[in-house]
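Asker: Structure incoming, see below.
The values are calculated or read from the model by the stated rules, or taken from the named source; none is laboratory data. Model, not experiment: these values are computed from the prediction. Reconstructed Cβ throughout: ideal geometry from the backbone, glycine too, with neighbour counts over all protein chains shown. These accessible areas exclude ligands, DNA and RNA; they are computed on the full protein's heavy atoms, side chains included. Shrake-Rupley method; radii C 1.70, N 1.55, O 1.52, S 1.80 Å.
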Amino acid sequence: MGRYFGTTPIFYVNDAPHVGHAYNALSVDAVCRWHRLLGDEVRFLTGTDEHGLKVMRSAQEAGRSPIEHADHNSGRFRDAWAEMNLANDDFIRTTEPRHHAAVQAMLQRAYDNGHIYQATYSGWYCVGCEAYYAEDDLIDDHACPIHKRPVEHMVEDNWFFRLSAFQKQLEDWFAATPGNVTPDGFRNEALGILRQGLEDVSISRSSIDWGISVPWDPDHVFYVWYDALINYATAVGYGTDQEQFDTWWPSVHHFVGKDILRFHTIYWPAMLMAADVEHLPTVHVHGFLLLGGEKMSKTGNVTKVAPSDLIADFGVDGFRHAVLRDHPFGPDSEFSYEALLSRYNVDLANNYGNLVSRVATVVAKKCNGIGPAPDPGSPLAAVVATAFAETAAAWERTQPSVALEATWRIIRQTNEYLQEREPWKMDAGPDVDAVMGDALEALRIATVLAWPSIPETAELAWKRIGMPGTVAEQRLPAAAQWGLYPGGVTVETGDPLFPRLKLT
RNA sequence: GGCGCCGUAGCUCAGUUGGUGAGAGCGCUCGACUCAUAAUCGAGAGGUCGACAGUUCAAAUCUGUCCGGCGCUACCA
């Protein structure tokens, strides 16, 4: 029994929820659900990032105040995640008072420790963009690449975080903690960044006021990135509830896309060090979903694909399972409507759903609709034991696709087993009972293991096979023990759990 | 330029610390079955593991070079 605190990044409110976000959030949800099955105390956090110039500007365009705009757009994420059946325990918004308090507390601490200093920032500033550009990014003769207008050389006082001072400590952390960043490929990238040497970073802006003010210098607000990272700490009580923070922080796991690896594996740990926070996070990095396939390539970009459109076609669980099963956590992978459809039909309609149907029918015909108890010596028992071990190991390594593959082997093997025994040809009696009891037991266990990806349908199947209670309240590894299917319970037939779908 | 990732069957991908004749799913071909959502089961075809060289008794798995695809290099998962 342990504790697991899983986080998504907070999503920038200007974005509309898309499959890229969904993939990230679903991965956290599934891993957290796995930990819930293990009986761990779990906290799953997600939320929205709402400060910064871009939000301010798009609020203006929409004719709203920044907070009205943030309220509205944050709601889109909240709704999308509810529709995806994410079981998040909290939804944080960076505009909340608790977050302001935490940010100010953490950075004040870093300031008091001497890790933040004032310096002059100078650079090429585009008035149109209200942003600085590096010399290399400019076009023609010092012109903004977007507005094609000359930029101005500006000088501004800024607060800087002494990131460079943490080079050694970060190196030590990596050396002492082999699993701090996974998978290894991304850990190497983080090490590469470290090897190149760290420079101090500017963490405040005086040009805008839509942000969290610097406690010792109210004319400045913290730059959006540095306020954003702190959300993870805010949510478990940093600055407001030390006991809660101490309880959860040691078991924090961040799930992030590879584009923000630098912030989560270098900057953020350094900020924590600067504020004397003892425990550092574990970071799980994944790649991008690349848009492939006929139907969706028209939309051009994965950021244009809304989860709700796919849920409309495949159902929540269909979407959840296909996304989790098809995309190895780590590398970039192809995302296509065709692949989604294929995964849905194969795993859910043909294998899982159809197995539930055929078992229920045979039980109805040969066992009077009463599910018999399994055979303790069934050959399926060993199959299940192996599959469970592999499933558990894969979830532990944060590899949902591998875990689900292992779980589905139980389903495939049960189909094979039925085919081999042909209970539908037998006369009613002990022989049929033994076979069907085994099938029901395999189904029972597979249903528990599949719950992280198909939570809603798993509950339906659970009831179909006559199990009391819910899947959600099952506890592993006990629930994966062969032989717990009670027997003597009513098995119901019904409409297909996952109707087979055709390309439209 | 610097750092890093990737290139394994038609497709999408697995392949721990190098070691029985290289795998899965999908797709395809043939066959079986007909309880089930035209679902299921079996058999089969299909790969010089990007190229070249090297280390080794032994490499998809280590080293080097090259070719090809890509990411990061201060703010979109």
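Asker: Using packing as a proxy for protection, rank A:54-64, A:87-97 so that the peptide with the highest average count of other Cβ atoms within 10 Å comes first.
Answerer: So the order, starting with the most tightly packed, is A:87-97, A:54-64.
Asker: Hey, what angle do you get for helix A:455-464 against the long axis of chain A, alpha-carbon based, 0 to 90 degrees rounded to 10?
Answerer: In chain A, helix A:455-464 runs at an angle near 10 degrees to the longest axis.
Asker: Ignoring ligands, DNA and RNA, please state the percent of accessible area on chain A from carbon and sulfur, probe 1.4 Å.
Answerer: Carbon and sulfur together cover 49 percent of it.
Asker: Next question. In deg cm²/dmol and to the nearest 500, what is the mean residue ellipticity at 222 nm of chain A if only DSSP H runs of at least 4 residues count, each as -39500 (n - 2.57), divided by the residue total?
Answerer: -14000 deg cm²/dmol
Asker: Still on this structure, please answer the following. Which links in A:Lys366/A:Lys502; A:Lys54/A:Lys304; A:Lys258/A:Lys502; A:Lys365/A:Lys502; A:Lys54/A:Lys258 stretch past 24 Å when you go from one Cα to the other?
Answerer: From the list (A:Lys366/A:Lys502; A:Lys54/A:Lys304; A:Lys258/A:Lys502; A:Lys365/A:Lys502; A:Lys54/A:Lys258), the Cα-Cα distance tops 24 Å for A:Lys366/A:Lys502; A:Lys258/A:Lys502; A:Lys365/A:Lys502.
Asker: Report the calculated FRET efficiency for A:Asp209 and A:Asp427 (r = Cβ-Cβ distance, R0 = 60 Å), to the nearest 0.05.
Answerer: That pair, A:Asp209 with A:Asp427, gives E of 0.15.
Asker: Give the relative contact order (percent, whole number) for chain A; include only Cα pairs under 8 Å separated by 6+ residues.
Answerer: 16
Asker: Enumerate the residues in the stretch A:166-187 having an amide nitrogen under 19 Å from the point lying 7 Å beyond the Cα of A:Lys258 toward its Cβ.
Answerer: Once the point is set 7 Å along Cα→Cβ of A:Lys258, A:180-187 turn out to lie under 19 Å by backbone N, inside the stretch A:166-187.
Asker: Sticking with this structure for a sec: Would you mind checking which residues have amide H under 5 Å from A:Val181's amide H? H placed 1.01 Å from N; only 5 or more apart, or other chain.
Answerer: Answer set, sorted by chain and number: A:Val283.
Asker: Rounded to the nearest whole Å², what accessible area per residue is found for chain A with the 1.4 Å probe?
Answerer: 41
Asker: Can you list residues from other chains, or at least 5 along the same chain, whose modelled amide H is less than 5 Å from the amide H of A:Arg93?
Answerer: The list, which skips near neighbours in sequence, is A:Thr48.
Asker: Starting from the amide H of A:Tyr4, placed 1.01 Å from N in the peptide plane, find each other amide H under 5 Å away whose residue is 5 or more places distant or on another chain.
Answerer: Amide H neighbours of A:Tyr4, under 5 Å, 5+ apart: A:Glu41, A:Val42, A:Arg43.
Asker: Then there's this: Taking every alpha carbon pair in the stretch A:3-305, what does the distance histogram look like in 10 angstrom bins from 0, in percent?
Answerer: Histogram of Cα-Cα distances, whole percents per bin: 6, 24, 35, 27, 8, 1, 0.
Asker: Relative to the longest principal axis of the C-alpha atoms of chain A, give the angle of the C-alpha long axis of helix A:66-83, reported between 0 and 90° and rounded to the nearest 10°.
Answerer: Helix A:66-83 sits at roughly 20 degrees to that axis.
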